[in-house]
Amino acid sequence: MSIRKSVIALALAVPFASAFSMDLAIVKSIPLKDGSVIHQFKNGKMAMEDKYGRPTRMNVGESMAAADGTTITMNSDEVALLSSVFREHYGRTTK
């Protein structure tokens, strides 16, 4: 194989491999009063699932009331990461 083909193959493989190196572990899921759920990932980032089970957008810094009465402030908006978790672990796609 020529060096050019090796460089092209490596250039295509690196982004593909890095996409799978994401840590998809959900550490904590917190139900909210409105039926939504906040998921916190291992790296501390957060994502929101609406009451119908779909990943949804949330403004960073917005406060929400948990089902137990505590207040949670959103520190990130990881919709794509939550969608990946749903596809990977639960075998479902989001519509």
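The values are calculated or read from the model by the stated rules, or taken from the named source; none is laboratory data. Note that this is a predicted model, so its numbers are computed, not measured. Methodologically, a virtual Cβ is constructed for each residue, glycine included, from the backbone with ideal geometry; neighbour enumeration extends over all protein chains shown.
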Per the filter on the range 54-95, residues at positive phi and at pLDDT 90 or above are Gly61, Gly69
Among strands (runs of 3 or more DSSP E) lying entirely in the range 35-95, which contain 2 or more residues that are within 21 Å of Ala25 (Cα to Cα) and in contact with a strand residue (DSSP E or B) (Cβ under 8 Å, 6 or more places away or on another chain)?
37-41, 46-49, 71-73
